[in-house]
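Data block below; observations after.
Rule-based calculations on the coordinates, nothing more; no lab input. Everything numeric in this text was worked out from a predicted model, so none of it was measured. Cβ placement follows ideal geometry from the backbone for every residue including glycine, while neighbour counts extend to all protein chains displayed.
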Number of protein chains: 2
Amino acid sequence: MNIPQTSFPRVVIIGGGFAGLALAKGLEKKDIQVVLIDKHNYHTFQPLLYQVATGGLEPDSIAFPIRKLFNNLKYYHFRLAEVTNINPDKKEVETTIGNLEYDHLVIATGSKTNFFGNKNIEKHAMEMKTIPQSLNIRSLVLENFEEALLTSDFEERKALMNFVIVGGGPTGVELAGALAEMKKGILPKDYPDLDIRQMQINIIQGSDRLLDAMSNQASKKAEDFLINLGVCVWKNLIVTNYDGETVTTTSDEKFNAATVIWAAGVEGQLINGLQAECIVERANRIKVDAYNKVVGYKNVYAIGDIAAMMSEENPRGHGMMAQPALQQGKLLAKNILAEMKGKPLKAFVYNDKGSMATIGRNKAVVDLPNWKFQGVFAWFVWMFVHLFSLIGFRNRAIVFLNWLYNYVRFDRETRLIIRPFKNKNSQSFK
Amino acid sequence: MNIPQTSFPRVVIIGGGFAGLALAKGLEKKDIQVVLIDKHNYHTFQPLLYQVATGGLEPDSIAFPIRKLFNNLKYYHFRLAEVTNINPDKKEVETTIGNLEYDHLVIATGSKTNFFGNKNIEKHAMEMKTIPQSLNIRSLVLENFEEALLTSDFEERKALMNFVIVGGGPTGVELAGALAEMKKGILPKDYPDLDIRQMQINIIQGSDRLLDAMSNQASKKAEDFLINLGVCVWKNLIVTNYDGETVTTTSDEKFNAATVIWAAGVEGQLINGLQAECIVERANRIKVDAYNKVVGYKNVYAIGDIAAMMSEENPRGHGMMAQPALQQGKLLAKNILAEMKGKPLKAFVYNDKGSMATIGRNKAVVDLPNWKFQGVFAWFVWMFVHLFSLIGFRNRAIVFLNWLYNYVRFDRETRLIIRPFKNKNSQSFK
C-alpha cells in the first residue's frame with residue numbers, strides 16, 4: 001500500500017465507526033500520520049438504520065464520506081480495503097490492497113450480527129448492521145406486500161404480512177415501532193386491496209422485559225407503547241430456528257412469517273492474527289486493559305464494540321453502543337499523544353450519559369442518570385440528541401427536514417424498491 | 001392478476017414515467033378503472049439522474065412511490081410487474097404476475113439506451129437511464145479513484161482517471177459538466193495523493209456540434225463552458241468500439257479509459273405482441289396516429305418516448321423527452337373520456353416550450369421559442385423549472401436543500417459507494 005513515509009509515527013486505524021473517527025479527530029493536527037482503513041468509503045450512523053429500513057430516511061442522509069472528514073489534513077490517509085490479517089511481530093497489517101506497517105495499530109472494527117451459530121437463521125433472517133442490509137429490509141418489506149396482493153392463498157398472504165423481530169433491545173423495539181406506524185398510516189393507503197388487519201408485527205424477547213439494559217420504568221412504558229401500536233410482544237421466549245417459512249421457539253409458539261429480522265445480539269467483528277488468549281470467545285471481543293491496549297501486545301489497541309474492557313463493575317466489558325466507543329476513541333487519542341511525550345496515561349472511566357429508545361411518534365423512553373422520563377418530551381429529547389450526533393450539516397438538515405415532513409404528514413416517503421432483495425435477477429435491479 | 005371487476009371501463013397503463021403518470025392523473029375521479037403496471041414501484045425523474053451519478057443528489061430525492069400517487073383513488077391499482085407480451089386479439093396483457101384484460105391499453109414504456117447493436121460497448125460501457133444504473137456510475141467513478149491510488153503503473157492510473165462520455169446531447173453535456181466540477185472542487189481534496197491533472201474528461205459527439213437539437217447559440221456556449229471547465233470536447237467523431245480498456249473511433253483517435261458512459265442514443269422499450277408493421281425499426285418506436293392510437297389496432301395507444309407520431313414537420317416523430325410525453329399523456333386522458341361520451345377527439349399538437357441544459361454552477365443554456373439565453377440567469381431558470389417539475393413536496397424540499405448546500409459549499413456530499421459496482425462480491429455489498 002503506497003502511503004507516503006514521514007518522520008511522524010504512523011497510527012493505523014481499522015474501522016471508521018464512532019470509535020475510529022473519534023480517535024482520528026483527537027489526533028488531528030498533531031505530529032502523527034493517520035491511516036484509516038474501512039471496507040466502506042463512508043461512516044454509518046447506525047442508530048438510525050432502522051429508519052432507513054422502514055422508509056423514513058434516505059440512506060445517504062445517515063452516511064458521511066470519510067474522505068471528506070480528512071480533507072485538508074495533510075498527514076491523514078484513507079484506504080478502502082478489508083484487513084485480512086494483522087501481524088504484530090512485523091508491526092504490519094495485511095489487507096486486500098497490500099500490506100502496511102504501523103507504529104500504533106488501533107482495531108476499531110465494531111460489531112456484526114450474532115446468530116449464535118445458527119446457520120439456518122443466518123441464511124433466512126434479515127440483519128440490520130449496515131446500510132446495504134437496511135436497504136435489503138426496506139426492499140423485502142415492500143416486495144412482500146406486493147406479493148401479498150397477488151396470492152389467493154390465505155395462509156401465504158398472512159405469512160407475507162407477518163413480521164417477526166427477534167430481540168427486544170433498542171434496535172428491535174425501534175424497528176417494531178416503526179413497522180407499526182407504517183401499518184397504521186401508510187400501508188392501508190398504499191395497499192387498499194389488502195386487509196391490513198392481517199398484518200402482524202411480533203417482537204420476541206428472551207428475557208422477561210423489553211429494553212432490559214434500561215430501567216424497569218422504560219421497559220414497562222416501551223411495552224405499553226408497542227402494545228398500543230398493535231405490536232404483539234412476546235417475552236421469555238427464545239427463538240430456536242427459522243427455515244425461511246416458520247419460526248420455532250422453545251415453547252409451542254410458532255410463527256409463519258416471510259420476514260424475520262434478527263436483532264437478538266451482536267458480536268465483535270474480529271480480524272485474524274491475534275492470539276487466542278486475548279479473545280473473549282462468547283462475544284468475539286478483544287480483551288483490553290484500562291488504556292484500551294490489547295492484553296499481551298505492545299502498540300496494539302482495540303476500541304469500541306470490539307474491545308472488552310473487563311472490570312469488577314463491568315465483568316463483560318462496556319455495552320456495545322455508541323457512547324463507550326466515542327469516549328474510548330477520544331481518550332485513546334489523548335493517551336497516544338501523552339505516551340509520545342512521556343507523560344502519564346489516563347485510565348478509561350465510562351461516563352454513562354444515559355440511554356434512550358424511540359418507539360414512534362411522540363413516544364420515546366429516556367433514562368438519564370438521575371432522571372427517567374417517557375412520552376412526548378422524551379421523544380423530542382431523542383430527536384434532538386440524534387440530530388446533533390449526526391456528522392455533517394447537510395445530513396442534519398436533510399434528516400430534520402424528513403422528520404418534520406414525516407411528522408406533519410404522517411408519512412414515510414422513501415418506500416422505494418431500488419434494488420430488489422427477493423428477486424435479485426429482476427430487470428429492475430439494473 | 002386479481003384486480004377487482006367494476007362496471008367501469010378498464011384502462012391499463014404500462015409504465016409510470018412522465019407519460020403514464022400524466023395520463024393517470026387526467027383520468028382521476030372519472031368513471032374509469034386504472035391499472036398501472038411498472039417494473040419499479042417508483043417514478044423516476046430522469047432529467048436529474050446525472051446528479052445522482054455524480055454524488056450531487058441522493059437517489060431517493062428524484063424517485064417518488066407510485067402507490068402514494070394512487071392513495072385515496074378508489075379505482076386505481078398499481079402492480080409491480082414486467083409485461084412480457086400483449087395480446088390485442090384477446091384484449092389482454094401478459095405479465096410476470098399473470099394476465100390482465102383491458103378495455104383500453106396504453107403503452108408508455110419509455111426508452112432505454114441504444115447501443116446500436118454493438119455488444120462490446122453494451123457489455124463494457126455504463127448507461128444512465130435508471131436509478132440503479134446511475135448509482136452504478138456513482139460507485140464506479142469512486143471505485144476507480146480508490147484504485148488509482150493503489151497502482152504504481154502510470155498508464156493504468158491514467159486510464160482509471162480517464163472518463164469518456166459518448167454523446168453530446170443534454171445527458172452527455174450535463175454529465176461532463178458535473179464530472180468537471182467534481183474534478184475542480186472535490187476530488188483534489190478527497191484524493192490529495194493523486195495528481196488530479198491526470199484526470200481527463202472527454203465528451204465525444206458524432207455531429208459537428210454539442211446539443212445539436214438546440215440553437216447554434218446554445219451549442220456554442222455549452223462548448224465554451226465545458227472547455228473552460230477543462231473538458232476535452234471531440235466533435236465529428238464516432239465511437240466504433242470499447243473493449244473495457246480502449247475506446248476506438250472512426251479516426252485515429254483512441255482513448256484508454258476505465259469509465260465509458262454511453263449517452264449516444266435511446267430507443268423505445270418495446271414489448272412483444274405488436275405486428276411488425278407498426279414498429280419503426282430504426283428507433284424501436286411504435287407508430288401512432290395523431291390521437292396516439294397505435295396504427296392498425298383498436299383501443300391500443302402508445303404515448304411518450306415509445307410513440308412515434310410521424311408527420312411532415314416531425315418525420316421521425318417527436319423528441320424522446322419529457323415535454324411530448326407529458327403533453328401526450330394529458331391529451332390522451334381527455335380523448336379517452338371524450339370517446340366514452342361520444343364526443344369528437346382532439347389531434348395532438350406539440351406545444352414546444354423550449355429546451356435547456358445545465359453545464360455547471362451558474363452555467364446553463366436555455367432556448368425558449370422566442371428567446372435564447374445562457375449563463376447565470378439561464379442556470380437559475382433551469383433550477384427553478386426542474387425543482388418545480390419534481391413530484392412531491394418532500395422531494396422538492398430535499399433537492400432544494402441539497403442544491404443550496406452544494407452551491408454555498410462547492411460540495412457534493414453523497415459520494416458514497418453503497419453498493420460497489422466493480423467488486424460485486426465484496427463484503428461491503430452486504
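Miscellaneous remarks
- Helix A:216-228 axis, angle to chain A major axis (alpha carbon atoms, nearest 10°): 40 degrees
- Restraint check, B:Lys90/B:Lys346; B:Lys74/B:Lys112; B:Lys123/B:Lys221; A:Lys68/B:Lys129; B:Lys158/B:Lys189, Cα-Cα greater than 22 Å: B:Lys90/B:Lys346; B:Lys74/B:Lys112; B:Lys123/B:Lys221; A:Lys68/B:Lys129
- Average Cα contact separation per residue, chain B, under 8 Å, 6 or more apart, as relative contact order %: 20 percent
- DSSP finds beta bridges in the range B:159-272, and of those with both partners inside it, around 35 percent are antiparallel.
- Kirkwood radius and radius of gyration were both taken over the C-alpha atoms of the range A:100-176, and their ratio Rg/Rh is 1.15.
- Long-range Cα-Cα pairs in the range B:31-78 (distance over 12 Å), rounded percent: 66 percent
- Normalised by 2.2 N^0.38 Å, where N is the number of residues, the C-alpha radius of gyration of chain B stands at 1.01.
- Placing +1 on each Lys and Arg Cβ and -1 on each Asp and Glu Cβ, with no other charges, gives the protein assembly as shown a dipole about its Cα centre of roughly 1960 debye.
- Max mean-square fluctuation residue, GNM over chain A, Cα-Cα springs under 10 Å, options A:Gly392, A:Gly360, A:Gly177: A:Gly392
- One chain, two ends: A:Ser389 and A:Ile227. Fully extended at 0.36 nm per residue, the span grows by 55.4 nm beyond their Cα-Cα distance.
- Among B:Ala53, B:Gln374, B:Pro344 the positive-end extreme of the charge dipole of chain B (Cβ point charges): B:Pro344
- Gyration tensor (alpha-carbon) shape descriptor, the range A:51-131, a/c threshold 1.5: oblate
- Annotation: for a label point projected 7 angstrom from Cα along Cα→Cβ of A:Asp31, residues of the range A:69-83 with backbone N closer than 17 Å are A:74-76.
- Label-point separation in nm, B:Lys422 to B:Val376, each point 7 Å along Cα→Cβ: 4.0 nm
- Charge dipole (the protein assembly as shown, unit charges on Cβ, about Cα centre) - positive-most of A:Ser134, B:Ala180, B:Met1: B:Ala180
- Pair A:Asn236, A:Asp89: separation of 7 Å Cα→Cβ label points (nm): 5.4 nm
- Angle between chain A longest axis and helix A:131-148 axis [Cα atoms, degrees, rounded to 10]: 10 degrees
- Extension gain from A:Ala276 to A:Asp208, taking 0.36 nm per residue of separation minus the Cα-Cα distance: 21.1 nm
- For the range A:67-215, alpha-carbon Rg relative to the globular expectation (2.2 N^0.38 Å, N residues): 1.48
- In chain A, the longest principal axis of the Cα atoms and the axis of helix A:170-181 are about 30 degrees apart.
- Dipole orientation for the range A:1-115: of the candidates A:His77, A:Ile32, A:Gly110, A:Ile32 has the Cα lying most toward the positive pole (charges on Cβ; Lys, Arg +1; Asp, Glu -1).
- Orientation-averaged projected area, Cα convex hull of the range B:193-268 (nm²): 6.7 nm²
- For the range A:215-328, the alpha-carbon radius of gyration amounts to 1.41 times the rule-of-thumb value 2.2 N^0.38 Å expected for a compact globular protein.
- The charge dipole of the range A:329-430, taken about its Cα centre with unit charges on the Cβ of Lys, Arg, Asp and Glu (plus for the first two, minus for the last two), comes to roughly 380 debye.
- Rounded to 5, percent antiparallel among DSSP beta bridges of chain A: 50 percent
- Ranking of B:Val295, A:Val173, A:Val35 by count of other Cβ atoms within 10 Å, fewest first: B:Val295, A:Val35, A:Val173
- Under 15 Å from a label point set 7 Å out along the Cα-to-Cβ vector of A:Arg409, the amide N atoms of the range A:162-191 belong to A:185-187, A:189-190.
- Of all the options B:Thr249, B:Thr358, B:Thr259, the one that moves most in a Gaussian network model of chain B with Cα springs shorter than 10 angstrom is B:Thr249.
- Using only side-chain charges placed at the Cβ, +1 for Lys and Arg and -1 for Asp and Glu, the dipole size of chain B relative to its Cα centre rounds to 1460 debye.
- Kirkwood Rh, Cα atoms: Rg over Rh of the range A:256-384: 1.07
- Set of lysines with alpha-carbon distance to B:Lys91 below 17 Å, sequence-local pairs under 8 removed: B:Lys293, B:Lys298
- Considering only the Cα atoms of the protein assembly as shown, their convex hull presents on average a projected area of 37.0 nm².
- Gyration tensor (alpha-carbon) shape descriptor, the range B:322-430, a/c threshold 1.5: oblate
- Under the criterion of Cα pairs below 8 Å and six or more residues apart, the relative contact order for the range A:330-430 equals 12 percent.
- Projected label distance in nm at A:Asp153 and B:Arg396, using a 7 Å step from Cα toward the beta-carbon: 4.6 nm
- Rg to Rh quotient for the range B:1-121, alpha carbon positions, Kirkwood Rh: 1.02
- Beta bridge orientation in the protein assembly as shown: antiparallel %, DSSP, nearest 5: 50 percent
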